[in-house]
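Taking it in order: structure first as structure tokens, then the write-up.
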Amino acid sequence: MENGPGAESQRTDFYSTVIRNPPPRRVIRKVLLKVLPNHILEQLKFEFHMLFVRLRSRNRSRAYMKKKALLLNIGAGDSGKDGWINLDAFPGKKIDCLYDARKRLPFPSGSANGIFSEHFFEHLHYTEEAPHFLRECYRVLQVGGVLRIIVPDAEKYLKAYAHEGWKEFKDLRLDDQLRDRYYGWTYNTRMELVNYLFRQGQEHKFAYDFETIEFLLKRNGFEDVRKQEYGKSAMGEVCIDMESRRAESLYVEAIK
């Protein structure tokens, strides 16, 4: 087996970076950390943020009551597009709809031509949130509308792990020095990489291959489900994929 990242990279390896937490500055956090582990506090912090977003956006649907032929970019992050409604739970330069997409979407039934969601769906709980989200997408789409979902392709990562060494992982997300292209750190073991991809701390809730996401889409209203490729779509308008995610991603479309 090829050697993993060398000793010269240890100061920037995944394990050392993640556990190197600075001591809390606020007294209340120091007290809470004596009662609860940090990963629980982070989850509570996130949910309080989402509650605040829901309270702020409780009347958001009024803005879209009479809208038609919408293009929705859900979980847009830093990749908001002109001409789209860019929805996210965190503010950004091009986010024009601050909203918790785990709840009922603020758009009328049959009001969207297309829905695009890139590296958001894996953040939804598989049984509690993902089915509701897909049913909402189905409701919001007009007949013939396209839902394009892009997620990390778990099959690619499992196949890479089944090979000896790091070569196949380099094709997915590591540079020539075996550093993660997105975070800059190295991994001590290949299983560290797999776990971070599947879990990303607590952010990722489920890992998908095409078979599983097809099952979920069909179980929740869609009949026409297609495996796609980067830059290819049944509706050109919804093909706004990030090239930087191409190597590791699974592209799926569902047509209402």
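Values quoted throughout were computed directly from the atomic coordinates according to the rules given, and no laboratory measurement underlies them. What you see is a predicted model, and the numbers here were worked out from it, not measured in a lab. For neighbour counting, all protein chains shown are included, and Cβ atoms are generated from backbone atoms with ideal geometry for every residue, glycine included.
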(message) Counting only pairs 8 or more residues apart or on different chains, how many lysine pairs in region 176-256 have their Cα atoms under 19 Å apart?
(response) 4
(request) Only Cα pairs under 8 Å and at least 6 apart count here; give the relative contact order of region 65-139 as a rounded whole percent. (result) 32 percent
(message) With the crude spin-label approximation of a point 7 Å out along Cα→Cβ, what separation in nm comes out for TYR126 versus THR12?
(response) 3.5 nm
(request) Over region 128-256, calculate the relative contact order: mean separation of alpha carbon pairs under 8 Å at least 6 apart, over the residue count, as a percent. (result) 38 percent
(message) I need the GluC sites (Glu not before Pro) found in region 116-169, filtered to DSSP loop residues with at most 12 other beta carbons within 10 Å of theirs.
(response) GLU128, GLU164
(request) Kindly state, as a whole number, the per residue volume in cubic angstrom of the convex hull around the alpha carbon atoms of the chain. (result) 146 Å³
(request) Tell me the label-point distance for the pair ASP78, GLU237, using the 7 Å Cα-to-Cβ offset, in nm and rounded to one decimal. (result) 2.8 nm
(message) Once you place label points 7 Å from the Cα toward the Cβ at LYS45 and ARG135, how far apart are they in nm?
(response) 3.4 nm
(message) Restricting to Cα pairs below 8 Å that are 6+ residues apart, what does the relative contact order work out to for the chain? Please round to a whole percent.
(response) 20 percent
(message) For a test of understanding, tell me how many lysine pairs in region 61-188 have Cα atoms under 22 Å apart, given they are 8 or more places apart or on different chains.
(response) 15
(request) Only bridges with both residues in the chain count here: give the DSSP antiparallel percent, nearest 5. (result) 45 percent
(request) Please list, or write none, the lysines whose alpha carbon is within less than 21 Å of the alpha carbon of LYS30, excluding same-chain residues fewer than 8 places away. (result) LYS45
(request) Measure nothing fancy, just the Cα-based angle from helix 130-140's long axis to the longest principal axis of the chain, in degrees from 0 to 90, nearest 10. (result) 30 degrees
